[in-house]
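Report on the structure given below.
The values are calculated or read from the model by the stated rules, or taken from the named source; none is laboratory data. These numbers come from a predicted model, not from an experiment. Methodologically, a virtual Cβ is constructed for each residue, glycine included, from the backbone with ideal geometry; neighbour enumeration extends over all protein chains shown.
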Amino acid sequence: MHSLELTVNGRSYQTTVTLKTTLLEVLRDKLFITSPKVGCNSGDCGTCSVLIDDKLVRSCITNALSTQGKEITTVEGLSKPGHLHPLQEAFHEKYGAQCGFCTPGMILAAKALLDENPKPSRKDVREALSGNLCRCAGYGKIVDSVMAAAEQMGQAKN
Amino acid sequence: MTMKVVGQRVKRYDGMAHVTGETRFVDDVIVPGTLTVKALRSPVSKGTIKTMDTSSAEAMPGVAGVITAEDVPCNAYGLVPDQPVIADETVRFKGEVVAAVAAVDEDTALEALEKINLEIEEEECVLDPLEAMKPDAPKVRPEGNVFMYDERPFRQIILGDIEAGFKDADVVVENEYVHPSLEHAQLELQTSLAVPAASGKLTIYTVSQALYFHLGQLCGILQMEPDQIQCKSWAPKTGSSWRHNAGFSDVNYIGGTVGGGFGSKNDIHADHVTALLALKTGQPCKWRWTREEDLLYSTFRGAWFITIKDGVKKDGRIVARQMKSIRDAGGYSSLNPYVVDKHSFVATGPYFVPNVQIHGYCVYTNKPPASSMRGFGVTPSVFATELQMDKIAQELGMDPWEVRFINAYRTGDQTPTRRVLNSVALVEVMQKLAEKAGVDLPDKLKNMNSKERGWT
Amino acid sequence: MAEGQFLKATDLQEACELLAQYGGKARLLAGGTDLMVAVNQRKLFPEVLVYLGDSGLNYINAEGDNLVIGAATPFTDIMRSDRVQEETPLLAEVISHLASPAIRNVGTIGGNLANGSPAADSATALLALGASLRLRSKTGEREVAVEEFFTGPGETMLEPAELVQEIIIPRQIGGAKWAYRKLGKRKAQTLSIVSVAISCPLEGGQCQGVRIALGAVAPTPILATEAARILEGKAMDAKLIDKAAKAAAEATRPIDDVRGSAWYRRRATEALVKQLLAQISA
Amino acid sequence: MKKRGIGIGASLYPTGMSGGGDSSQAQVKVQPDGTVVLTTGACDIGEGCKTVLAQMAAEVLGINYEQVKVINDNTDNCPLSFGTFASRVTYVDGKATVDAAEKARDILFEVAGQMLEANPGDMEAVDGKISVKGSPDRSLPIGEVAGAATFGMRKLVVGLGHYMREPSAPDPETGEIDPFCTLAWAAVLAEVEVDTETGEVDLLRLVCSYDVGTAINPLLTEGQIEGGGAMSIGAALSEELYPNYPSLEQAPTNLGDYAIPTTMDIPDIEAVIHECPSTNGPFGAKGIGEMTANTPAPAIINAIHDAVGVWIMTLPATPERVLRALDEKGGA
């Protein structure tokens, strides 16, 4: 076993992993952070999306040992009690979530976009979310949600 | 009365939990001491199990239990209970479960599967339903490859006089349509966690989209006495080493929050196996399918082969429809006979046809069992019917809108199953569509409504 | 079960030494976007992982007439690089259609090439750009043209203890016209059924050094050399374009697979080459 | 060359299991403070049944949606629902919920009738109050009534509801049967652009018009229309479980090769809601969960025909199928 130290949602953790352990397994099975989901284990669906040092990645095909010392963000880390991230507000308000299974990954993909591009077009949003599959919603209301959040965050800044 | 809540765009009840990641799906439930389940699947599409020796697997450190068909009290389930939980002697599709293992972790479970000594004598299979319908085709099932609706090998729907209808027609339009097999591709994989208790109570965390439907079936698997078995083809093992005698209140099915269904979770995929392993090992057992397993071996929308022959008047009226639809059901009934029924009941689409003859076939092949998927059997009938409408329009030199307006059901029309319709709105729905899409319909169509035909 | 070793290479030299030390047992890990899929599916049981994330092989430099990209540079970094966008815009365009944003964030160009996939999108861009690869081992280094690098489906000329150090791309400052199309089962996050990348420097309206690269239509990504020869030194017109497109289709050796038939791949190659050349000449 | 075309399709869809017999039950419990717990066996598979059932209960009891909490998570406590399929939950479980809520409301009317010295038959539940119809000054907050019922009159303010369409079997000879609760209606328009050289189909526009009876929650209704539309787009253009049917070879083993649509494959779907109330559904509702996935595919295929004159008789219309059809026809 190898020792692994990493920070998740601002809290540091130490755990042990093998050579083939994925970041997703660390989060779910060791740290009990379950918002990243197992949808394919091959990087095809995006339900396991998390941010590593603010960059969107697939935790299911991220070798855990490659995250040594890194900062991981999951959707649990976006909200504080009684205070949602504007993206969370918008997904709730605009019906960006149906079954909810893709939602955590979708919100993180959207966050990665807005961090870099605070005023995206609908096309920008579609491109940024193109690796996150949703089988319920047909994507329109998801794009609506991201656009609304961008608007909200833009106003908050001014 | 004006309504205050109904009709409002209120936010999703569980939306807050979804966006915060709080929503707990089956895979997110953590119970200490849970074993990992993996299944051994048939490598062939059809065959007879000659050897099934699990002793080496059972002897492995870390393996808590192995089950085979011998361990299933009533090894037959489904709406038509004809599918074994674990294949017993005969395998009918590639990927059919022939044994399952519960072990301390995934690696151990997978290693144990490799230690099971399985020999299957491969037999000639049939994958094409059109081939399977031939008298000399390899038998998927002992009693024949076509589901019997009463005395017929098809569901028959008859209205009016089909021959008179064709005689009355000016033109006959006949075409063949193929609707392929489709996968639900719901994002939450087939997953089940069964937790036994010393009291005898079994708790199952399920992805089911039909809790009570599955509860009933599961109790059937766990308790039925041999003389209660409805299936004829697969006799249960009376010498089963244990029997649970479960009633509805002995099992608590926990679920209700499903990560996408679309019909993929109307059939039990994993709960029966985890339940049996939990009862055998006395430990919580969890089985999460891989995406590959889910794509290849879970239920799916079976393929359809549809022939439509319509008798049409020059003015656009369809006066006769003869339709033959063949459903590739795969190896077991699952919900297929029902799917064919639903398809057949509405096989003229949203159009009034006075003379109708529909034959819907449910045909078994050596594929995983097809079953429900969003739209059941209606999806392929809509596909075929709507292409057929455009082909009729083309044949008559008519506008595709007009053909649909002319034939659209009106209030008081009779369906092929002789139901008289109320609350009909197709004409209005099409008018709204045209308006939204910026299509300027001719006045004749703009002035139609669903109350009356508007033409003679 | 053997514990396995996770070794971080802090520089190129160390990476090469570790590869030499552990021979065939060692696997290089950068983004892991292909490697970990194989591990998850239990097709690969690595005993030694040599991690390249901190090896310093993440860079985009201008060296004389060339742009030099470190093998462990993630796709997103390449795609967003001003230098790449200005000097080899074809590469940036190709990468923008590759896999998905999350994969591009960590997947590296060296890893993509080393896998030797016939459908490796980055390879078509590099073939069209006339790039070469610097391969490195403990005992030496060599530079090979991208067209020589691939030897078969999933196969490259890399020796067991050798790695891709960097990619060397001739800079195309001004002048060069280019075009790219990828045809997959859907519009994003999809493997190529056919991909075509064309780089076509024009001098006085004439094609000079045109290169037409084809992906997913042969055991390796290939160059349609005959098609290029047809165009070389000529001004493009519809007739010439047709001829070149047919020649490109002739150069393919496609297979039937889950994504498309050989027949279709050949036809689509012709169509895409034709459309892209028309786009370039317009 | 690229050519554009427009295609339409129409359809109907039956609400509830064909042949009936699919029962559902519900329990509505009014707590002593007037808040409500609805217990149902219906699974929420993403369509949002918890939301619409809570809306129905709130409407009957004249309270806010937020005051209704829903439990649907286990069979020990939740009453029976046959399942979330057959587009049945809004209608069948909806009727059971309305039945339960009305029965709970009847108890409140009876109690309030005693408190206000009025006939329970003359009461109404609106705006969180139980009032005598036409006399807004004679009213009590629902919490006060529920409290009085619980602590004063020792009553359990619980309504148990049920609905089941009588089971029926088709006549073996004619197939005659009255199989479904009600019918919903749909029409869809698709606009495509077809590349005549590669066979690629680009879906430019999808307009979906649905009769939903009554939209209990138009936001969720749109969600169904858009989501079903996306599924049908996948069926029309890219999805196929057995590419070499009937052979099992080359069946996709991952979600890259089984190509469900991504954000880039779906245009902003335009949803049109038409409301022709069902005569017997809860508040006139019908069920459209499934039918949304049926009509876009043929509309897209008809649009391809309109664009380039070929019929794709076997789904999906992959570029390869379109190109082969164009070859057979001798070009666009």
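Of note:
- The set of residues in region D:264-285 being more than 7 Å from every other protein chain (Cβ to nearest Cβ) and farther than 30 Å from D:R165 by Cβ consists of D:P267 alone.
- Enumeration of residues in region B:340-356 that are farther than 21 Å from B:V312 by Cβ and more than 10 Å from every other protein chain (Cβ to nearest Cβ): B:V340
- For region B:12-43, a residue qualifies if it is within 25 Å of the chain's Cα centre (by Cα) and either assigned to a loop (DSSP other than H, G, I, E, B) or more than 9 Å from chain A (Cβ to nearest Cβ) (or both), and the qualifying residues are B:F25, B:V26, B:V37, B:K38, B:A39, B:L40, B:R41, B:S42, B:P43.
- Unique residue being farther than 18 Å from A:L51 by Cβ, surrounded by fewer than 24 Cβ atoms within 10 Å (Cβ to Cβ) and more than 14 Å from chain C (Cβ to nearest Cβ) when the list is A:A148, A:A97, A:A137: A:A148
- Residue satisfying all of: in region D:43-59; more than 7 Å from every other protein chain (Cβ to nearest Cβ) and touching a strand residue (DSSP E or B) at 6+ places or on another chain (Cβ under 7 Å); farthest from D:V98 (Cα to Cα) among these: D:L53
Conditions tested, residue by residue: (1) part of a loop (DSSP other than H, G, I, E, B); (2) in the same structural domain as B:D136 (by TED's automatic domain parsing); (3) touching a Ser or Thr at 6+ places or on another chain (Cβ under 7 Å).
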{"residue": "B:G349", "(1), (2), (3)": "yes, yes, yes"}
{"residue": "B:I358", "(1), (2), (3)": "no, yes, yes"}
{"residue": "B:Y361", "(1), (2), (3)": "no, yes, yes"}
{"residue": "B:G375", "(1), (2), (3)": "yes, yes, no"}
{"residue": "B:F383", "(1), (2), (3)": "no, yes, no"}
{"residue": "B:I392", "(1), (2), (3)": "no, yes, no"}
{"residue": "B:F405", "(1), (2), (3)": "no, yes, no"}
{"residue": "B:T411", "(1), (2), (3)": "yes, yes, yes"}
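- Taking each residue of region A:111-133 that is at the interface with chain C (Cβ under 8 Å from one of its Cβ atoms) and looking for partners that are in a helix (DSSP H, G or I) and of a type in the set (S, T, N, Q) with beta-carbon atoms closer than 9 Å, six or more apart or interchain, yields A:A112/C:N105; A:E127/C:S96.
- Number of the exception - C:L158 against (1) within 30 Å of C:Q279 (Cα to Cα); (2) of a type outside the set (K, R); (3) assigned to a loop (DSSP other than H, G, I, E, B): (1)
- Any chance B:P43 is surrounded by fewer than 21 Cβ atoms within 10 Å (Cβ to Cβ), closer than 30 Å to A:T74 by Cα and not hydroxyl-bearing (S, T, Y): no
- Selection status of B:A132, out of contact with any helix residue (DSSP H, G or I) (no Cβ under 7 Å at 6 or more places or on another chain) and facing another protein chain (nearest Cβ under 10 Å): yes
- For region B:273-301, taking the residues that are over 22 Å from the mean Cα position of the chain (by Cα) and assigned to a strand (DSSP E or B), the one that is nearest to D:I260 (Cα to Cα) is identified as B:K286.
- Residue that is surrounded by the fewest Cβ atoms within 10 Å (Cβ to Cβ), among those in region D:309-332 that are more than 14 Å from chain B (Cβ to nearest Cβ) and out of contact with any Phe, Trp or Tyr (no Cβ under 9 Å at 6 or more places or on another chain): D:G330
- Summed over region D:276-298, the residues that are of a type in the set (A, V, I, L, M) and more than 18 Å from B:E428 (Cβ to Cβ) give a count of 2.
- Annotation note: Cβ proximity below 6 Å between a residue of region C:104-119 that is within 12 Å of chain A (Cβ to nearest Cβ) and a residue that is part of a helix (DSSP H, G or I) (sequence gap 6+ or interchain) occurs for C:R104/C:F75; C:R104/C:T76; C:N105/C:T76; C:G107/C:F75.
- Residue within region A:53-72 that is surrounded by fewer than 24 Cβ atoms within 10 Å (Cβ to Cβ), within 22 Å of D:T263 (Cβ to Cβ) and without any contact (Cβ under 8 Å) to a residue 24 or more places away in the chain present: no
- Residues that are touching a Cys at 6+ places or on another chain (Cβ under 7 Å) and either under 28 Å from B:E163 (Cβ atoms) or in a strand (DSSP E or B) (or both) within region B:311-337 comprise B:R327, B:A329, listed in sequence order.
- Strands (runs of 3 or more DSSP E) fully within region C:1-82 that include at least 1 residues being at the interface with chain A (Cβ under 9 Å from one of its Cβ atoms): C:5-8, C:26-29, C:48-51.
- Verdict on D:A96 being in contact with a strand residue (DSSP E or B) (Cβ under 9 Å, 6 or more places away or on another chain) and either under 22 Å from D:G223 (Cβ atoms) or not aliphatic (A, V, I, L, M) (or both): no
- Residue selected from region A:5-29 under the condition surrounded by 14 or more Cβ atoms within 10 Å (Cβ to Cβ) and more than 19 Å from C:V39 (Cα to Cα), by the criterion nearest to the other protein chains (Cβ to nearest Cβ): A:N9
- Residues of region D:165-183 that turn out to be more than 8 Å from chain B (Cβ to nearest Cβ) and in contact with a helix residue (DSSP H, G or I) (Cβ under 6 Å, 6 or more places away or on another chain), as a count: 1
- Unique match (being farther than 14 Å from B:T385 by Cβ and away from every other protein chain (no Cβ under 12 Å)) among B:S298, B:S334, B:S325: B:S334
- Complete set of residues in region C:184-215 that are surrounded by 20 or more Cβ atoms within 10 Å (Cβ to Cβ) and more than 27 Å from A:C45 (Cα to Cα): C:A197, C:I198, C:S199, C:C200, C:C207, C:V210, C:R211, C:I212, C:A213, C:L214
- Candidates in region D:202-261 are the residues that are among the aliphatic types (A, V, I, L, M) and touching a Cys at 6+ places or on another chain (Cβ under 7 Å); of these, the one that is surrounded by the fewest Cβ atoms within 10 Å (Cβ to Cβ) is D:L255.
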